Amino acid sequence: QNTQNTGGISTDGVDLSVQYSKQTPIGTFHADLEGTLITQYRLQEYTGGPVLNLVGWFNSGNLPAVRWTHDLTINWTSPGRMWGAGVTNRFLSSYIDQHDEPYPGFGGPQVQRIVGADSTWDIFASYKPINSLTVLFGIQNVLNTDPPFSNQTVNWPSGYNPVYSSPLLRTFYLNLKYQFL
């Protein structure tokens, strides 16, 4: 293994961060978009070896270099900050899987398998009855969306990619926060 760790990785892309707030008579609205677009993900496994652009590919042994991912959150806070609510979308674009589709017939050609895009929606609401106490209730993956199927074998969970997707479907949570002053 004398060629291990002698190559390199070079990545090009754009990180996007957009925030907008608007105060109205019924409260403050805030939108936040955090996204990353990868335009080049060049991998050279060893010095003098071929340079591969693996954007949108699983990358055999490394994490997939997905082209686009974002978190979009829109929330509202009431005047006086007693009430709040919001929605979040998490999105990950599709990519070519680690392993191809099974042979369509014995000895037939293999077909590249595409892992579908992953998009989940979360909602939350908050209540602040007194200045030092905040009660937060939320639902993650409110639409109960299954993670996209992935035929990867790098991580022990099978059927999905645990680095990017969660096997948990709709999940409820409650958070109590008390600040001692």
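Summary table below
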| read-out | value |
| --- | --- |
| Condition check for Trp57: of a type in the set (Phe, Trp, Tyr) and over 24 Å from Pro129 (Cβ atoms) | yes |
| Leu136, sole failed condition from (1) more than 15 Å from the chain's Cα centre (by Cα); (2) in contact (Cβ under 8 Å) with a residue 40 or more places away in the chain; (3) surrounded by 13 or more Cβ atoms within 10 Å (Cβ to Cβ); (4) more than 28 Å from Thr77 (Cβ to Cβ) | (4) |
| Qualifying positions in the range 109-128 - more than 21 Å from Ser93 (Cβ to Cβ), at pLDDT 95 or above and surrounded by fewer than 18 Cβ atoms within 10 Å (Cβ to Cβ) | Ile123, Ala125, Tyr127 |
| Residue match in the range 62-73 (condition: hydrophobic (A, V, I, L, M, F, W, C), surrounded by fewer than 18 Cβ atoms within 10 Å (Cβ to Cβ), in contact with a Pro (Cβ under 8 Å, 6 or more places away or on another chain) and at pLDDT 85 or above) | no |
| Residue satisfying all of: in the range 158-178; assigned to a strand (DSSP E or B) and touching a residue at least 40 places away in the same chain (Cβ under 8 Å); nearest to Pro148 (Cα to Cα) among these | Asn175 |
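The values are calculated or read from the model by the stated rules, or taken from the named source; none is laboratory data. The model shown is predicted, which means the values in this text are computed figures rather than measured ones. We place every Cβ from the backbone using ideal geometry, glycine too, and count neighbours over all the protein chains shown.
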